[in-house]
Amino acid sequence: MLRKPLKYTFAAAVLFPFAFLLALSFGQNWRFPAVLPATWTTDNWHFLLAGQSDLGQSLLRSLGISVGIATVATGLSFFTAKHIAYHPWRERWLTVAYFPYVFAPVILAATLQFYFLRLGLAGKVGGVLLAQLFIAYPFGVIFFTGFWNERMRAMEQLSATLGGNGWQTFRRVLVPAAKGALLVCFFQTFLISWFEYGLTSLLGVGKVQTLTVKVFQYIGEANIFYAALASVLLVLPPVGLLWVNKRVLFKT
């Protein structure tokens with residue numbers, strides 16, 4: 001009897017923050033002790049997305065950086081993990097892969113800042129891409145190490161025994177077997193890049209304005225309506241990825 005009410009209550013609790021942010025993005029003139037904004041309007045969306053601000057550019061920039069990081073990190077880590085998984089010093093190499101996560105992103109950024117300044121990478125999109133690879137690439141290596149096991153080695157050997165060359169084994173055996181893992185790693189590294197703030201803020205020196213940086217900027221300016229609008233845009237890609245993840249990886 002209580003199953004459906006609990007289910008709906010849980011769903012409402014999960015959806016409420018998103019609905020509240022969406023509502024705030026249409027608000028203006030919210031003063032204490034009012035419960036809701038005094039004015040509801042689409043002016044915030046028109047101002048921020050109609051070329052009168054750089055929020056649209058920040059959205060496109062964030063998408064480009066995150067897709068690039070996810071693609072490069074997934075591809076490189078897939079092959080790197082194979083060599084590490086079959087290496088006699090597997091545990092030592094995996095320990096090295098955990099090093100970037102010993103420090104908070106801001107501390108890691110402060111450690112790298114000197115080198116980025118000397119190389120002229122600070123404040124540039126290329127520098128932010130390289131910085132984010134320091135955390136996305138090791139994640140992919142750690143993630144794929146479990147995929148490269150004795151079963152996969154046996155499948156490669158079987159393919160070679162049946163006359164398959166390296167490319168045929170990769171295309172017809174390894175990629176189909178790793179399809180789910182590749183998609184999950186792509187989604188995860190995309191999200192790592194998408195929500196990354198510490199490295200991007202410090203090494204981007206305020207010049208690389210990603211969507212996450214814009215959210216914190218609006219919060220710092222105490223502009224809750226613009227912050228809510230930017231936050232709505234920030235959660236849309238993860239929600240889309242969850243939908244794709246459900247449709248592709250868990251379809252019945």
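The values are calculated or read from the model by the stated rules, or taken from the named source; none is laboratory data. Keep in mind that this is a model prediction, so the values were computed, not measured. Here the Cβ positions follow ideal geometry from the backbone for every residue, glycine too, while neighbour counts run over all protein chains shown.
Of all residues in segment 213-243 being of a type in the set (Ser, Thr, Tyr) and buried (at least 21 other Cβ atoms within 10 Å of the Cβ), which is modelled with the lowest pLDDT? I'd like the intermediate steps shown before the answer.
Going through segment 213-243, the residues of a type in the set (Ser, Thr, Tyr) turn out to be 218, 226, 231.
Subsequent filtering for residues that are buried (at least 21 other Cβ atoms within 10 Å of the Cβ) retains 226, 231.
Details: Tyr226: 85, Ser231: 89.
Filtering first and then ranking leaves Tyr226.
Looking only at residues that are modelled with pLDDT of 85 or more and among the charged types (D, E, K, R) in segment 49-89, which one is nearest to the chain's Cα centre (by Cα)?
Ranking the qualifying residues of segment 49-89, first place goes to Arg61.
Taking segment 153-200, which residues are touching a residue at least 60 places away in the same chain (Cβ under 8 Å) and farther than 15 Å from Ala136 by Cβ?
Arg153, Ala178, Gly180, Leu183
If you check every pair at least six apart or on different chains, which have Cβ atoms under 6 Å apart with a residue in segment 2-25 that is in contact (Cβ under 8 Å) with a residue 60 or more places away in the chain first and a residue that is hydroxyl-bearing (Ser, Thr, Tyr) second?
Going by the 6 Å Cβ cut-off, the qualifying pairs are Leu21/Ser231.
When you scan segment 82-111, how many residues do you find that are over 13 Å from Ser201 (Cα atoms), out of contact with any helix residue (DSSP H, G or I) (no Cβ under 6 Å at 6 or more places or on another chain), part of a helix (DSSP H, G or I) and in contact (Cβ under 8 Å) with a residue 60 or more places away in the chain?
Residues in segment 82-111 being over 13 Å from Ser201 (Cα atoms), out of contact with any helix residue (DSSP H, G or I) (no Cβ under 6 Å at 6 or more places or on another chain), part of a helix (DSSP H, G or I) and in contact (Cβ under 8 Å) with a residue 60 or more places away in the chain: 1 in total.
Where residues in segment 1-33 are loosely packed, with under 10 Cβ neighbours inside 10 Å and part of a loop (DSSP other than H, G, I, E, B), which of them is modelled with the lowest pLDDT?
So the residue we want is Met1.
What pairs come up if the first residue lies in segment 207-219 and is over 13 Å from Ser66 (Cβ atoms), the second is of a type in the set (Gly, Ala, Ser) and surrounded by fewer than 20 Cβ atoms within 10 Å (Cβ to Cβ), and their beta carbons are under 6 Å apart, counting only those six or more places apart or on different chains?
That search, which allows pairs on different chains as well, returns Lys207/Gly123.
Could you tell me whether Leu36 is touching a Gly at 6+ places or on another chain (Cβ under 8 Å), modelled with pLDDT under 80 and either in a loop (DSSP other than H, G, I, E, B) or of a type in the set (Ser, Thr, Tyr) (or both)? Break it down into steps so the answer makes sense when it comes.
Details: touching a Gly at 6+ places or on another chain (Cβ under 8 Å): yes; modelled with pLDDT under 80: yes; either in a loop (DSSP other than H, G, I, E, B) or of a type in the set (Ser, Thr, Tyr) (or both): yes.
Spelling it out, Leu36 is indeed touching a Gly at 6+ places or on another chain (Cβ under 8 Å), modelled with pLDDT under 80 and either in a loop (DSSP other than H, G, I, E, B) or of a type in the set (Ser, Thr, Tyr) (or both).
Quick one: in segment 27-48, of everything that is under 30 Å from Ser193 (Cα atoms) and touching a residue at least 24 places away in the same chain (Cβ under 8 Å), which residue is farthest from the chain's Cα centre (by Cα)?
Gly27
Residues to consider are Arg153, Arg172; find the one that is more than 19 Å from Ser77 (Cα to Cα) and of a type in the set (D, E, K, R). Can you show your working first?
On the way: Arg153 fails: more than 19 Å from Ser77 (Cα to Cα).
When all the criteria are applied, what remains is Arg172.
Given Ile69, Ile84, which one is buried (at least 19 other Cβ atoms within 10 Å of the Cβ), closer than 30 Å to Val235 by Cβ and not small (Gly, Ala, Ser)? Working first, answer last.
Numbers: Ile84 fails: closer than 30 Å to Val235 by Cβ.
From the options Ile69, Ile84, the qualifying one is Ile69.
Please list, ordered by first then second residue, the pairs with beta carbon atoms under 9 Å, 6 or more apart or interchain, first in segment 124-150 and touching a residue at least 24 places away in the same chain (Cβ under 8 Å), second in a helix (DSSP H, G or I) and of a type in the set (D, E, K, R).
Once the first residue is touching a residue at least 24 places away in the same chain (Cβ under 8 Å) and sits in segment 124-150, its partners that are in a helix (DSSP H, G or I) and of a type in the set (D, E, K, R) give Val125/Arg61; Phe144/Lys82; Thr145/Lys82; Thr145/Arg90; Phe147/Lys82; Trp148/Lys82.
Within segment 113-128, how many residues turn out to be in a helix (DSSP H, G or I) and surrounded by 20 or more Cβ atoms within 10 Å (Cβ to Cβ)?
First, pick out the residues of segment 113-128 that are in a helix (DSSP H, G or I): 113-119, 125-128.
Cutting the leftovers down to surrounded by 20 or more Cβ atoms within 10 Å (Cβ to Cβ) gives us 116, 127-128.
The number of residues fulfilling the criteria is 3.
Name the residues in segment 168-209 that are of a type in the set (S, T, N, Q) and buried (at least 21 other Cβ atoms within 10 Å of the Cβ), would you? Write out each step before concluding.
Step one: list which residues in segment 168-209 are of a type in the set (S, T, N, Q), which gives 168-169, 188-189, 193, 200-201, 209.
Residues satisfying the conditions are Thr189, Ser193, Thr200, Ser201.
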